[in-house]
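Asker: First, the structure itself, so that you have it in front of you.
Each reported figure results from applying straightforward, stated rules to the coordinates on display, with no laboratory input. Since the model is a prediction, treat every value here as computed from it, not as a measurement. Here the Cβ positions follow ideal geometry from the backbone for every residue, glycine too, while neighbour counts run over all protein chains shown.
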Amino acid sequence: SPTPQTVTVTGAAGNIGYALLFRIASGQMLGTDTPVRLRLLEIPSAVRAAEGVAMELADSAFPLLASVDVTDDPATAFEGTTHALLVGARPRTAGMERADLLHANGGIFGPQGRAINDHADEAVRVVVVGNPANTNALIASAHAPDVPAERFTALTRLDHNRAVSQLAARAGVGVTDVDGITIWGNHSATQFPDLTHARVRVAGDDGGAPAWRPALDVVDRGWAADEFIPRVAKRGAEIIEVRGSSSAASAASATIDHMRDWSLGTGVDAEGAPRRTSAAVVSDGSYGVPEGLISSFPVTSDGSGAWTIAPGLGPDESLLPGEGGRLAATVAELEAERDAVRGLGLL
Ligand code: NAX
């Protein structure tokens, strides 16, 4: 039977943590035959609340849940960790300068990266959810020189899932009738949700069997440029406006998807072609993204270690009305964030 995995969740007493932990404990992340040991890392003022969550986990009597530990000490939290979900972060508060925000998060992700370096399992997989996620992941990775950079990732799966849902709704099909979407760049308003290689499975013209067609032949390109891209990129703000608080369950669900696909593999589709998704991973220079940046790409995983950046899927921005340059713009923002944290001595 599979060996137990040690899953560390930071910010465990927060909203996303609450939506995440029960799904991990039920086997939805690592499979229904893999026992998990949970480690909950919180700041001292939230340890008691995290202990309350641990009590509810116990009360759920999950067969796969081998143990739950709550701590405010990163060294303890990351001891033997195979899966690190870095959710806790310092939010931007009113009047806070951008440099202050980056500095505050450097104070969190630097030490956590160091603790992962010193204590985690050598096969650790890290996903950063806490914002600014890409740059926080870069900071953590920089403090973990013994851990391969490809082990540090940031979450853009929520953006990817939002894009799948928006395209499916527009095309009038189910979400399983859509594939090939890529989120490029930063998990921020500059991200580029790209339909260049996306497909939609629709009924044939003569009412015949459903067939895959290029998404940009099915939906109109004006919609793709003027509504789809900003809608996906600003969906987080829309959720806050309508729900009254930020995305939590959908963010948790995307985090589960990211870790499950990374650990167990993305697999193949019905035609035997590799399934792709989007994740922010360290750039090897692909698609002109400077090496070392943690940027969202089209990716696959065979479950054995790192994500693989899928080749040959660059955006064709001439397909859309408007100015183009979206990939370059989001990459420029990542470079600016990197330069800012470097300037603060955080890399
Ligand atoms: P909450 O404020 O509900 O929870 C955050 C928790 O983190 C708190 O309990 C806090 O005590 C804890 N925390 C703070 N510093 C910590 C540290 N040094 N060590 C351990 N724990 C620490 O926020 P929540 O709604 O759960 O969101 C968490 C983060 O996810 C935020 O940074 C948010 O911006 C980010 N998001 C990222 C998304 C993504 O797609 N990448 C989408 C959803 C979300 O906006």
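Asker: Using the charge dipole of segment 5-154 (Lys, Arg: +1 at Cβ; Asp, Glu: -1 at Cβ; taken about the Cα centre), state which of Leu41, Leu65, Val129 has its Cα farthest towards the positive end.
Answerer: So the residue furthest toward the plus end is Val129.
Asker: Which listed residue (Val299, Thr32, Pro91) has the Cα farthest towards the positive end of the charge dipole for the chain, taking +1 on Lys and Arg C-beta and -1 on Asp and Glu C-beta about the Cα centre?
Answerer: Pro91
Asker: Under the rule a/c < 1.5 gives rounded, and otherwise a/b versus b/c splits prolate from oblate, where does segment 157-335 land using the Cα gyration tensor?
Answerer: Values: a/c = 1.27, a/b = 1.14, b/c = 1.11.
Here segment 157-335 falls in the rounded category.
Asker: Can you give me the C-alpha center-to-center distance between segment 1-74 and segment 258-280, rounded to a whole angstrom?
Answerer: 25 Å
Asker: Taking every pair of alpha-carbon atoms in segment 5-154, give the share separated by more than 18 Å as a whole percent.
Answerer: In whole percent, the long-distance tail amounts to 54.
Asker: Given +1 on the Cβ of Lys and Arg, -1 on the Cβ of Asp and Glu, and no further charges, what dipole in debye does segment 5-154 carry about its Cα centre, rounded to the nearest 20? Please list the in-between numbers first.
Answerer: Values: 10 positive and 16 negative charges, 83 e Å.
Its charge dipole is roughly 400 debye.
Asker: What ranking do 139-148, 120-129 get when scored by the average of other Cβ atoms within 10 Å per residue, highest first?
Answerer: Details: 139-148: 20.2, 120-129: 21.9.
Highest to lowest by the protection proxy: 120-129, 139-148.
Asker: What residue among Ala251, Val268, Ser286 has its Cα farthest toward the positive end of the dipole of segment 155-293, where the charges are +1 on Lys, Arg and -1 on Asp, Glu, each on the Cβ?
Answerer: Ala251
Asker: While we're here: Using the Cα centre of segment 61-122 as the reference point, and only Cβ charges (+1 on K/R, -1 on D/E), how large is the resulting charge dipole? Debye, rounded to the nearest 20.
Answerer: The dipole of segment 61-122 has a size of about 380 debye.
Asker: Short version: ³J(HN,Hα) in whole Hz for each residue of segment 220-225, in order, from phi by Karplus 6.51 cos²θ - 1.76 cosθ + 1.60 (θ = phi - 60°), x for Gly and Pro, what are they?
Answerer: Running phi through 6.51 cos²θ - 1.76 cosθ + 1.60 with θ = phi - 60° gives 7, 6, x, 5, 4, 7 Hz.
Asker: Would you please state which residues of segment 85-112 a label at Asn15 would reach in this model, taking the label point 7 Å out along Cα→Cβ and a backbone N cut-off of under 13 Å?
Answerer: Answer for segment 85-112: 91-92.
Asker: Please tell me the relative contact order of segment 101-153 in percent, rounded to the nearest whole number, where contacts are Cα pairs under 8 Å and at least six residues apart. Spell out each step's value before the answer.
Answerer: On the way: 55 pairs, mean separation 24.1, N = 53.
It comes to 45 percent, rounded to a whole number.
Asker: Given H placed on each backbone N at 1.01 Å, which residues far from Asn186 in sequence or on other chains put an amide H within less than 5 Å of it?
Answerer: Under 5 Å from the amide H of Asn186 lie the amide H atoms of Gln191, Phe192, Ser296, each far enough along the sequence or on another chain.
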